[in-house]
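J.: Shown below is the structure under consideration.
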């Protein structure tokens, strides 16, 4: 007979967030999700055609696993990283355009852009937005971060990042601070290859980690697939118990849900099952898999355990925060003010 702790673990969802292949769930996907019971789902442009279609897809995803409150994630940063695009959805400026505004206009625009974005997402049933980017781009770094960042001043990036988080929360959407503990020095794109950062621990602590420390109380975070040679020369942050335990959970003080970046990215070595086991063993709460390829999802599901008790508690805290944070909103007034600040048209 299973012990009480084993029965509790069996009731918890799998420590994975999955995508799907298209605009509707196939019967194979539906059966797979029902059987594997992932924590939640992630949407990409391939999944998003119209508001009605996305709303239906999100409902079908949740229905497949029988959990109407399951997290549904998206990358809707603005600029070049936006899964919802015109003409069905509003375009928002990249972070660098917001950061180019003078203070205090920049913080107000960051808040309003995030609040409007949250309004776009909440009506679809999307509950987690994978922003803000808190990385601090360094001279000579690969442009994969580039204008997705709010600049290179840690204090100002933290301030603008907080405004984004507050805007999302006011709209009932959870922010995700990324890419922990800092992607700004990466010399190559981690989608394609593994960056190695030789900076000293003191340099990293005094600069790269600072925006994340300032927003350590946020409900979700995402790791960077980067080797920090001064901390763990043998493993990228996503798979490093030293980086996750000593830096992200320790020095930075983050105690929210810690998700990997996409586990199938080119920076990581090994098959998907190995990657999954290593990331969760290192201390990630959740593995994120984005391609929607069913054979890959099956491999990951076979390797992933249920959420730990601590991870389940973090997810629950985030959801409670999301529910109590939503504030009344006059969209027309917000759009007008946002346009005045940024010159961006609705």
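J.: Just give me the residues in region 102-118 being surrounded by 18 or more Cβ atoms within 10 Å (Cβ to Cβ) and more than 15 Å from residue 170 (Cβ to Cβ), in sequence order.
T.: Once the filter is applied, which keeps residues that are surrounded by 18 or more Cβ atoms within 10 Å (Cβ to Cβ) and more than 15 Å from residue 170 (Cβ to Cβ), region 102-118 yields only 106.
J.: How many residues, within region 272-282, are touching a helix residue (DSSP H, G or I) at 6+ places or on another chain (Cβ under 7 Å) and over 22 Å from residue 186 (Cα atoms)?
T.: 4
J.: Out of region 229-262, which residues are assigned to a helix (DSSP H, G or I), in contact with a helix residue (DSSP H, G or I) (Cβ under 6 Å, 6 or more places away or on another chain) and crowded, with 17+ Cβ neighbours inside 10 Å?
T.: Within region 229-262, 237, 238, 239, 243, 244 meet the criteria.
J.: Six or more apart or on different chains, Cβ atoms under 9 Å: show the pairs whose first residue is in region 246-260 and farther than 16 Å from residue 131 by Cβ and whose second is surrounded by fewer than 23 Cβ atoms within 10 Å (Cβ to Cβ) and modelled with pLDDT under 95.
T.: none
J.: In region 313-335, which residue that is surrounded by 12 or more Cβ atoms within 10 Å (Cβ to Cβ) and without any contact (Cβ under 8 Å) to a residue 12 or more places away in the chain is nearest to residue 113 (Cα to Cα)?
T.: Top of the filtered list is 316.
J.: For region 139-158, name all the residues that are part of a loop (DSSP other than H, G, I, E, B) and either within 21 Å of the chain's Cα centre (by Cα) or under 20 Å from residue 225 (Cα atoms) (or both).
T.: 139, 140, 141, 142, 143, 144, 145, 149, 150, 151, 152, listed by residue number.
Per-residue answers, yes or no, for (1) buried (at least 24 other Cβ atoms within 10 Å of the Cβ); (2) closer than 26 Å to residue 48 by Cβ; (3) out of contact with any strand residue (DSSP E or B) (no Cβ under 7 Å at 6 or more places or on another chain):
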position	(1), (2), (3)
96	no, yes, yes
120	no, yes, yes
133	yes, yes, no
138	no, no, yes
142	no, no, yes
151	no, no, yes
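J.: Can I ask one more? Do we have residue 310 as more than 30 Å from residue 38 (Cα to Cα), without any contact (Cβ under 8 Å) to a residue 40 or more places away in the chain and either over 19 Å from the mean Cα position of the chain (by Cα) or not in a loop (DSSP other than H, G, I, E, B) (or both) here?
T.: Judged against the criteria, residue 310 is not a match.
J.: Where the second residue is surrounded by 15 or more Cβ atoms within 10 Å (Cβ to Cβ) and part of a helix (DSSP H, G or I) and the first is on the phi < 0 side of the Ramachandran plot and without any contact (Cβ under 8 Å) to a residue 40 or more places away in the chain and lies in region 51-71, which pairs have Cβ atoms under 8 Å and are six or more apart or on separate chains?
T.: Filtered contacts from region 51-71: 57/47; 60/30; 64/29; 64/30; 64/33; 68/62.
The values are calculated or read from the model by the stated rules, or taken from the named source; none is laboratory data. Fair warning: this is a prediction, and the values are worked out from it, not measured in the lab. Here the Cβ is made from the backbone with ideal geometry for all residues, glycine too, and neighbour counts use every protein chain on show.
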